[in-house]
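Participant: Please read through the structure below; I'll follow up with questions.
Read-outs: derived from the displayed coordinates by stated rules, not from any lab. Small disclaimer: the values here were computed from a predicted structure and weren't measured. Note: ideal-geometry Cβ built from the backbone for every residue, glycine included; neighbour counts use all protein chains shown.
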Amino acid sequence: MLNQLKRLHSGIEGLDELLKGGFVSGSSYIIQGRPGSGKTILANQIGFHHATNGGRVLFATLLAEPHERLFQFLSTLSFFDKDKIGDQIQFVSAFDTMENDGLEEVVKLLRREIVRQKSTVMILDGLLNARSKAESALNTKRFISELQGHAAFAGCTVFFLTSSQLDDGSPEHTMVDGVLELGEELVGSRSVRRIKLRKTRGSGAISGSHECEITEDGLVVYPRLESTVTCSALRDSDRLSIVPSGLPTLDPMIGGGLVGSSVTLLLGPSGAGKTSFGLNFLGQSTAEAPGLLFGFYESPQRLRLKAAAFGLNLEAMEQSGALHVVWRSVTTELVDKLAIDLLRLVEQKSIKRLFIDSLGGMARAAADKTRILDLFTALMGELRARGVTVLASWEVRSLLGNEIDAPAPDLSGIVDNLLLIRFAQEPMQITRQLSILKIRDNAYDPSILELALGAQGMNVNKVGLHGPDGRDNASTSRSSLS
């Protein structure tokens, strides 16, 4: 049986998941990042959480900045508790000792404080100043080594904070057990915070870069979804069920309805009726099998009005618990946060029907567009495993004609069903047509269907396999997506 190392939980949402359970107790870590990256907030969150759970914390600084200024900024965050200062959390300035007496005396000071306070966590802010004070790399190593030795003897976990961008071969990195790096990058006009685990000795961890943000609760970390949701397919049901699509006239053409726990992608240009289709789909939700509309463009107020136009009372469904409507911004949100929040809502509300309006809007929130396919693959796999039947919309540019744009490279491969709504130009009017491009695990009718919107909702009727130019429109659509 493998020996399980004792863990120190950070209390920071998402971070303990990256660390596979938390920091290793009694180890030493460097938290590095440029000024303003969130190092001090991160360290204080760890400290206050540890004190809340019965631990004792020594916060030592090698900076000239007074502690009162630090308390002023921390007081705006929910984890800050001034009653713990002086009791469970001790703040000590070693700046004057370092300047006047050198690093050896700093070590002696901190050793005495660790013993006197019976500290189980020590945070040292200002490692860059210690490095500047040391006469050589060897002295820097000696300083860190001596602090580590005293702390380990007392059963104390150590966190060194530095604003220096240390490389992997630096004396500091070689001495500690783990390195966390906080950073910020400009993506277009947006500033995105990231956290990276550069070293984790004696413990597994989820590597790579992960998005994070600073809220009124402090730092919140959002692990990359595709790195944490990896075995969803193993929990898939081994039985197929059929659920109504919300369009009674469509169901006979797709084998009686949609396969339960499947993912349907609905393509179409703006105004084609994708949202209306989704509202009809959600109209089949019940209090026993609730639905969720997770949208990015139309407000809940507008959606209620739109649904009322064809006989759906969304407000009554919301009040009964049959439906939940959530709106999110595509300009201010992080894509992993959106995915995590969506899965949390699905779990909390026991959602069985989900309409994402739109998947393209969700993709816009991603700072790194290269991982969209991996993220959506993980998200859809997890939703399937939770027994959720998903309908998602995606806007395409083409308004008229047979050629359509694929939504994203290989995206059509991760969905079970693919439907296309498009406009058709008749001699005297513009009509809507629905093409069934793909239905997995069920037989379907490939005929081009006329889509009509009215007070009774949506209806489809066959208009024949061939369009006015005599070509097979269904075949054309399939080939343009392949």
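Participant: Check which residues have an amide H placed less than 5 Å from Asp125's amide H, if you skip close sequence neighbours.
Facilitator: Distant-sequence amide H within range of Asp125: Ala60, Thr61, Leu62, Leu161.
Participant: Now for a separate question. What is the angle, in °, between the Cα long axis of helix 335-349 and the longest principal axis of the Cα atoms in the chain? Nearest 10 is fine, range 0 to 90.
Facilitator: 70
Participant: Separate question: Can you give the convex hull volume per residue for the Cα atoms of the chain, as a whole number of Å³?
Facilitator: Convex hull volume per residue, Cα atoms: 176 Å³.
Participant: Compute the orientation-averaged projected area for region 121-196 from the convex hull of its Cα atoms and round it to one decimal in nm².
Facilitator: Dividing the Cα hull surface by four gives the mean projection, 5.9 nm².
Participant: Then there is this: For Leu451, what is the net charge nearby, where nearby means another residue's Cβ is under 14 Å from its Cβ and Lys, Arg count +1, Asp, Glu -1?
Facilitator: Result for the neighbourhood of Leu451: +2.
Participant: How far, in degrees from 0 to 90, does helix 137-153 lean away from the longest principal axis of the Cα atoms of the chain, to the nearest 10?
Facilitator: Long axis of 137-153 versus the principal axis of the chain: about 90 degrees.
Participant: At 7 Å along Cα-to-Cβ for each site, give me the label-to-label distance between Arg440 and Lys349 in nm.
Facilitator: Result: 2.5 nm between the two label points.
Participant: For region 7-223, what relative contact order do you get, as a whole percent, if you take Cα pairs closer than 8 Å and at least 6 residues apart?
Facilitator: Across region 7-223, relative contact order equals 31 percent.
Participant: Can you compute the helix-only [θ] at 222 nm over the chain? Use -39500 (n - 2.57) per DSSP H run of at least 4 residues, normalise by all residues, nearest 500 deg cm²/dmol.
Facilitator: Numbers: 16 runs with 151 residues, N = 482.
About -9000 deg cm²/dmol.
Participant: Provide the gained length on full extension for the span Phe73 to Arg364, in nm with one decimal, where the gain is 0.36 nm per separating residue minus the Cα-Cα distance. Could you put the intermediate results ahead of the total?
Facilitator: On the way: separation 291, 0.36 × 291 = 104.76 nm, distance 3.31 nm.
Answer, rounded to one decimal: 101.5 nm.
Participant: Given the pairs Lys274/Lys352; Lys306/Lys462; Lys20/Lys352; Lys6/Lys118; Lys82/Lys141; Lys84/Lys349, which are separated by over 28 angstrom at their Cα positions?
Facilitator: Lys20/Lys352; Lys82/Lys141; Lys84/Lys349
Participant: In region 196-230, which GluC sites (Glu not before Pro) are in a loop and have at most 13 other Cβ atoms within 10 Å, using DSSP for the loop call?
Facilitator: Those satisfying the criteria are Glu216.
Participant: Determine the gain in length on full extension of the stretch Ala309-Thr249; use 0.36 nm per residue of separation and subtract their C-alpha separation, reporting nm with one decimal.
Facilitator: Length difference between fully extended and current span is 19.7 nm.
Participant: Starting with the highest mean, order 38-50, 141-153, 67-79, 310-322 by the number of other Cβ atoms within 10 Å, averaged over the residues of each peptide.
Facilitator: 38-50, 141-153, 310-322, 67-79
Participant: Just add up the charged neighbours of Lys274: K/R +1, D/E -1, any other residue whose Cβ is under 10 Å from the Cβ of Lys274.
Facilitator: Net charge in that neighbourhood comes out at -2.
Participant: Pop the C-beta distance of Lys108 and Asp410 into the FRET formula with R0 = 51 Å and round what comes out to the nearest 0.05.
Facilitator: 0.25
Participant: Separate question: What number does region 7-223 give for Rg over Rh if you use C-alpha atoms and the Kirkwood radius?
Facilitator: 0.94
Participant: Here is a follow-up. Cα gyration tensor of region 232-481, axes a ≥ b ≥ c as square roots of the eigenvalues: rounded (a/c below 1.5), prolate (a/b > b/c) or oblate?
Facilitator: Judged from the Cα gyration tensor, region 232-481 comes out rounded (a/c under 1.5).
Participant: Local charge sum around Gln165 (other residues, Cβ-Cβ under 15 Å, Lys/Arg +1, Asp/Glu -1)?
Facilitator: Net local charge, Gln165 excluded: +1.
Participant: Through the Karplus equation 6.51 cos²θ - 1.76 cosθ + 1.60, θ set to phi - 60°, convert the phi angles of region 116-129 into ³J(HN,Hα) values in whole Hz; use x for Gly and Pro.
Facilitator: 3J(HN,Hα) across region 116-129, in whole Hz: 5, 8, 6, 6, 10, 9, 10, 10, 10, 9, x, 4, 4, 5.
Participant: Check Lys438: other-chain or 5+ apart residues with amide H under 5 Å from its amide H, H built from backbone geometry?
Facilitator: For Lys438, the qualifying residues are Leu418.
Participant: Using 0.36 nm per residue, how much length does the chain from Thr286 to Asn461 gain when fully extended, once their Cα-Cα distance is taken away? Provide the component values of the computation, followed by the final result.
Facilitator: Working: separation 175, 0.36 × 175 = 63.00 nm, distance 2.73 nm.
So the chain would gain 60.3 nm between Thr286 and Asn461.
Participant: Using θ = phi - 60° and the Karplus form 6.51 cos²θ - 1.76 cosθ + 1.60, what ³J(HN,Hα) does each residue of region 66-82 get, whole Hz, x for Gly and Pro?
Facilitator: Working through the residues one at a time gives x, 5, 4, 5, 4, 4, 4, 6, 5, 5, 7, 9, 5, 7, 6, 9, 5 Hz.
Participant: Give me the aspartates and glutamates in straight-line cross-link reach of Lys39: C-alpha distance below 13 Å, same-chain residues under 8 apart excluded.
Facilitator: Asp125, Glu181, Glu184, Glu213
Participant: If you don't mind, another one. For the Cα atoms of the chain, what angle does the longest principal axis make with the long axis of helix 39-52, in degrees from 0 to 90, nearest 10?
Facilitator: 80
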